[in-house]
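**Q** Okay, handing you the structure first.
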There are 2 protein chains.
Amino acid sequence: MTSTPTLPLGFRWSSATAGLKASGKPDVALAVADQPATAAAMFTSNQVVAAPVTVGRRHLAATGGKVSAVIVNAGNANCATGDPGIDAAHRTCVAVADAIGCVFDEIIPSSTGIIGVPLPVEKLIAAIPAAKAALGNTLRDAEAFATAILTTDTKLKTARASFTVEGKQVNLFGCAKGAGMIGPQLATTPPQAPHATMLSYIFTDLAACSEHLQAMLVIAVEPSFNSISIDGDMSTNDTVLLLASGASGVSATLEAAALFQTALNGLCASLAYQIIDDGEGVTHVVTLAITGTPTDADAKAIAKTIATSPLCKTAWSSADPNWGRLLAAAGRAGVAFDPTQVVVRVAGLPVFTYGVRDIAFDEAATHAAMSARDYTIAIDFGAGEGRSTFITCDLTHEYVSINADYST
Amino acid sequence: MTSTPTLPLGFRWSSATAGLKASGKPDVALAVADQPATAAAMFTSNQVVAAPVTVGRRHLAATGGKVSAVIVNAGNANCATGDPGIDAAHRTCVAVADAIGCVFDEIIPSSTGIIGVPLPVEKLIAAIPAAKAALGNTLRDAEAFATAILTTDTKLKTARASFTVEGKQVNLFGCAKGAGMIGPQLATTPPQAPHATMLSYIFTDLAACSEHLQAMLVIAVEPSFNSISIDGDMSTNDTVLLLASGASGVSATLEAAALFQTALNGLCASLAYQIIDDGEGVTHVVTLAITGTPTDADAKAIAKTIATSPLCKTAWSSADPNWGRLLAAAGRAGVAFDPTQVVVRVAGLPVFTYGVRDIAFDEAATHAAMSARDYTIAIDFGAGEGRSTFITCDLTHEYVSINADYST
């Protein structure tokens, strides 16, 4: 982590414009590995899953986690589109495979955008030659990839990390998109059926097998992508894909794996934070630090209930230290607790202690602290060692405007 | 049900002004039974429970379901107020008991309003003599009671029903309050700890024992109060109280109980509907008719997830037939299903059929149907006999304004 991050070796990136976004901006992102990369992936645990997730799962299973390219389109989620949707994802992979010279199941497709509307696959396929021609390995190319996957996002979301083992540098580059329909719960096992909106692609030049990458990805995703919520609406297309080229010449030995895990954890945390920070209509980023529950799962259940409570989220929009709403939400999370053991602190200030308003509660000071863009609400339940740190945001007029105006 | 509803005999109602509401409107409601009534009650299943709920439970247990009076205050929920909150609720009951001449545990207290702020109990007690002096048995008196319990409600919520058995008329009168923090899940068994915002009081002159009333109340509450949501935020004070004076002279024989159950079901359904219809910022009342799941609980789980999805609720605010959001929400409800078996109809119009957009989908017609104040979204999962009919509403700028501006 002391080395200067550079881009991972062994990959090229590009974008193109297929005309799927109403804005006319680039809407196709292509990443190609010079040699087939090893891969790990986690997908939405929604019962309704988009066609590209279904196809991506099949391809990873068929190849044992070998990926030559990723093709992403924004503007249409290719979800709830039936068998024609599966065909469209498949044809897209075949077209990319033909263009770069590999077998079709080494291609992972992703889509994000409107759900339930047929994907204009001809437009997407027609853009592939331009995307191939634009491939490059500079930061500008990687950022072109990261830009084309955006939908309602207002900011580019990227993160880089590097570390050195025995004089050789290992690099990571990750990007993500997502500003609404953000309530991910990524899993390795497929659900009954699929859709999606949070997408993240992470590239590294570490050499590691697919199984090892998968184990490390699961560890990194739980406290990052799986511990954030904008609106609690889990998407049908949520995907995190990790590709390793091996081009650094560094293998995942015990030491390298430990350094990589740390770098990956930090990179995922950064991308997850960026998603909340750019959430639709967000004016406050709120970190919920839940402690003192019997288990970590209990703490997360409480955090998720508070993070999706309209009353808590609207209170945050006006910097209102409304502990009653926090307690009421916690109390319906399905976790037993004793309110007389609960302590609530907002930005470090005492608010509610052992069942009553704290004697030192200072409304003006607390309101002022909550006027900050970013602060922590710490709630301790005094009943165990369980904990969860969960990042969420307020609910504003702007969120309603964005989502009431978004049209089918 | 062919008789004209009149008020149940054996009760008197009134209101008074204690100065707990910032508006200065009546904020104390008193109902007194001429002779101790038999009672049934259901309370919030929140882990955090308001002091009056704790005290009310104790009193019902101590008396075996005998109630002489109900005292309700609006403007302060007396919740998260610790032992002083319990003392305040107890002192209120003692003061009412002294005023009307009964023992204190025949009094049921209720509170609604801000959570976490000490109840100004002296003000409440000082208003009891005026409330007692105003007691009467006219519709105007009953409506004074029903008005004083309101907080952010914009409309009075009452319902009446009557039926005749062997020439004798049995009457029911019910009222309710609640416009936000509405996601009730009432239960008969106490949770670990308590708070509340949906309140309903139902009076009848049927003669029935407490156990029988309780059984009938549970049946009536599940499809009514327990199948509605405005914001999914279950309150800490939710209470439904049913009091039976016996003054009609009609006992709960098989025939009378059957007629009473039917009348009670209809009355609870009416009050539950009125709550959603008057929900904070509501412009559309949406009935979710979920069918074809393995169990009724599965159907309700899906209905609740859709009813609390910010993306679904904002789409409804703009009459957007966004089936993708419906499917994505259903898919995260924890119920396994096959999307290719799903059929969605909006106001009877075909939208999504067996995994794809219906070929007869007419966007303009569906949008027009969703512009109505009130319509039904029917979703069939084709996998069983489970069903749930759940009433909810859209999420609007006005909801955000009301709850961002509501101050601690």
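**Q** Once you average over the residues of A:228-239, how many Cβ atoms of partner chains fall within 10 Å of each Cβ? Show your work: numbers first, answer last.
**A** On the way: counts 0, 0, 1, 5, 8, 10, 7, 5, 7, 1, 0, 0.
Shielding by partners across A:228-239 averages 4.
**Q** Work out how far the C-alpha atoms of segment A:1-126 reach from end to end along every principal axis, then list the three figures in whole Å, largest first.
**A** Principal axes ranked by extent give 46, 34, 30 Å for the Cα atoms.
**Q** Count the net charge of all other residues whose Cβ sits under 15 Å from the Cβ of B:LYS177, scoring Lys and Arg as +1 and Asp and Glu as -1.
**A** Numbers: positive: B:LYS21, B:LYS25, B:LYS155, B:LYS157; negative: B:ASP27, B:GLU143, B:ASP153, B:ASP238, B:ASP277, B:ASP278, B:GLU280.
That works out to -3.
**Q** From the label point of B:ASP87, set 7 Å from Cα along Cα→Cβ, how far away are the matching label points in the other copies, in nm, ordered shortest to longest?
**A** Relative to the other copies, B:ASP87 has label-point distances of 7.6 nm.
**Q** Using only the alpha carbons of segment B:302-363, determine the length spanned along each of the three principal axes and report them from longest to shortest in whole angstroms.
**A** Largest to smallest, the principal-axis extents are 30, 28, 15 Å.
**Q** Also, I was wondering about something else. Give the average over all directions of the projected area of the C-alpha convex hull of segment A:175-289, one decimal, in nm². Could you put the intermediate results ahead of the total?
**A** Details: hull surface 30.4 nm².
Averaged projected hull area, Cα only: 7.6 nm².
**Q** If I compute solvent accessible area with a 1.4 Å probe over the protein chains, what percent of it on the protein assembly as shown is carbon and sulfur? It would help to have the intermediate numbers written out before the result.
**A** Working: 15180 of 27080 Å².
Answer for the protein assembly as shown: carbon and sulfur cover 56 percent of the accessible area.
**Q** Then there's this: Using modelled backbone amide H atoms (1.01 Å from N, in-plane), which distant-in-sequence or interchain residues come within less than 5 Å of B:GLY178's amide H?
**A** Close amide H contacts, sequence-distant or interchain: B:THR151, B:ASP153.
**Q** Between B:ARG140 and A:LYS168, what is the label-to-label distance in nm when each label sits 7 Å out along the Cα-to-Cβ direction?
**A** My value for the distance between the label points is 9.2 nm.
**Q** In whole angstrom, note down how far apart the Cα centers of segment A:197-215 and segment B:1-76 are.
**A** 60 Å
**Q** Can I ask one more? Please compute the contact order of segment A:1-146 in relative form: average sequence separation of alpha-carbon pairs under 8 Å and at least six residues apart, divided by the residue count, as a percent. Before the final figure, lay out the partial values.
**A** Details: 306 pairs, mean separation 48.9, N = 146.
That works out to 34 percent.
**Q** Residues with beta-carbon under 15 Å from that of B:SER248, excluding B:SER248: net charge, scoring Lys, Arg +1 and Asp, Glu -1? Walk me through the numbers before you get to the answer.
**A** Values: positive: B:ARG160, B:LYS168; negative: B:ASP34, B:GLU166, B:ASP205, B:GLU255.
Local charge sum for B:SER248: -2.
**Q** Once you list every other residue whose beta carbon is under 9 Å from the beta carbon of A:MET198, what net charge do they have if Lys and Arg are +1 and Asp and Glu are -1?
**A** Values: positive: A:LYS177; negative: A:ASP238.
Taking every other residue near A:MET198 into account, the sum is 0.
**Q** Next question. Determine the distance separating the Cα centre of segment B:261-336 from the Cα centre of segment A:131-191; give it in Å without decimals.
**A** Distance between centres, Cα-based: 37 Å.
**Q** Given 0.36 nm per residue, what is the gain on full extension from A:ASP338 to A:ALA61 after removing their alpha carbon distance, in nm?
**A** Details: separation 277, 0.36 × 277 = 99.72 nm, distance 4.68 nm.
Result for the pair: 95.0 nm of gain on full extension.
**Q** Under a plain spin-label model, where a point goes 7 Å from the Cα along Cα-to-Cβ, how far apart in nm are B:THR17 and A:ALA22?
**A** It works out to 5.1 nm between the two label points.
**Q** Then there is this: Please list log₁₀ I(q)/I(0) at q = 0.05, 0.08, 0.10 Å⁻¹ for the protein assembly as shown, using the Debye equation with identical point scatterers on the alpha-carbon positions.
**A** Those come out to -0.30, -0.70, -1.00, one per q.
**Q** If you plug each phi of segment A:270-285 into the Karplus form 6.51 cos²θ - 1.76 cosθ + 1.60 with θ = phi - 60°, what whole-Hz ³J(HN,Hα) values come out, in order, with x for Gly and Pro?
**A** Karplus-based 3J(HN,Hα) across segment A:270-285 equals 5, 5, 4, 4, 4, 5, 5, 4, 9, x, 4, x, 5, 10, 9, 9 Hz.
**Q** Next question, about the same structure. Using only helices, what value at 222 nm comes out for chain B when you add -39,500 (n - 2.57) per DSSP H run of length 4 or more and divide by the total residues, to the nearest 500 deg cm²/dmol?
**A** On the way: 12 runs with 135 residues, N = 408.
Helix-only estimate at 222 nm: -10000 deg cm²/dmol.
**Q** Chains B and A: buried accessible surface, both sides, probe 1.4 Å, rounded to 100 Å²?
**A** Details: alone 15780 and 15840 Å², together 27080 Å².
In total, chains B and A hide about 4500 Å² from solvent.
**Q** Quick check: from the Cα gyration tensor, does segment A:361-408 come out rounded (a/c under 1.5), prolate or oblate? Numbers along the way, then the final one.
**A** Working: a/c = 3.74, a/b = 1.57, b/c = 2.38.
Because a/c hits 1.5 or more and a/b fails to exceed b/c, segment A:361-408 counts as oblate.
**Q** Taking segment B:351-408, which trypsin sites (Lys or Arg not before Pro) meet the DSSP loop condition and have no more than 10 other C-beta atoms within 10 Å?
**A** Numbers: sites: B:ARG357, B:ARG373, B:ARG387; in loops: B:ARG373.
Listed in order of number, the matching sites are B:ARG373.
**Q** Describe numerically, in nm with one decimal, the distance between label points set 7 Å from Cα along Cα→Cβ at A:VAL218 and at B:GLN261.
**A** Here the modelled spin labels are 5.0 nm apart.
**Q** Residues of segment A:30-57 with accessible area at least 10 Å² lower in the all-protein-chain context than alone (1.4 Å probe)?
**A** For segment A:30-57, once contacts with the other chains are taken into account, A:ASN46, A:GLN47, A:VAL48 lose 10 Å² or more.
**Q** Mind listing the phi-derived Karplus ³J(HN,Hα) values for segment A:49-65, rounded to whole Hz, using 6.51, -1.76 and 1.60 with θ = phi - 60°, and x for any glycine or proline?
**A** Residue by residue, segment A:49-65 yields 10, 5, 4, x, 5, 4, 5, x, 4, 4, 5, 5, 5, 5, 9, x, x Hz.
**Q** How much accessible area per residue does the protein assembly as shown have, in Å², with a 1.4 Å probe?
**A** Numbers: 27080 Å² over 816 residues.
Using a 1.4 Å probe on heavy atoms only, each residue of the protein assembly as shown averages 33 Å².
**Q** Reachable lysines from B:LYS304, Cα under 30 Å, same-chain residues fewer than 8 places away excluded?
**A** Qualifying lysines at Cα under 30 Å: A:LYS177, A:LYS300, A:LYS304, A:LYS313, B:LYS155, B:LYS157, B:LYS177, B:LYS313.
**Q** While we're looking at this one, here's another question. Among all stretches of chain A without exposed GluC sites (Glu not before Pro) (DSSP loop, at most 12 other Cβ atoms within 10 Å), which one is longest?
**A** Values: sites that count: A:GLU166, A:GLU385.
In chain A, the maximal stretch lacking such sites is A:167-384.
**Q** Here's another thing I want to ask about it. What are the nm distances, shortest first, from B:ALA187 to its equivalents in the other copies, labels at 7 Å along Cα→Cβ?
**A** The projected label point of B:ALA187 is separated from its counterparts by 2.5 nm.
**Q** Between copies, how far apart are the A:THR164 label points? List them in nm, one decimal, shortest first, with each point 7 Å from Cα toward Cβ, please?
**A** Distances to the matching label points in the other copies: 9.8 nm.
**Q** Using a 1.4 Å probe on the heavy atoms of the protein chains only, list every residue of segment B:328-353 that has 30 Å² or more less accessible area in the complete assembly than in its chain alone.
**A** At a threshold of 30 Å² (probe 1.4 Å), the residues of segment B:328-353 that become less exposed are B:ALA328, B:GLY331, B:ARG332, B:ALA336, B:PHE337, B:PRO339.
**Q** Using only C-alpha positions, report the orientation-averaged shadow area of the convex hull of chain A, nm², one decimal.
**A** Numbers: hull surface 77.7 nm².
If I average the Cα hull's projected area over directions, I get 19.4 nm².
The values are calculated or read from the model by the stated rules, or taken from the named source; none is laboratory data. It should be emphasised that the depicted structure is a prediction, and the values quoted were computed from it without experimental measurement. Ideal geometry is used to build each Cβ from the backbone, glycine not excepted, and the neighbour counts take in all protein chains shown. Each accessible area value is taken on the protein alone, full model and side chains, heavy atoms only, with ligands, DNA and RNA left out. Shrake-Rupley method; radii C 1.70, N 1.55, O 1.52, S 1.80 Å.
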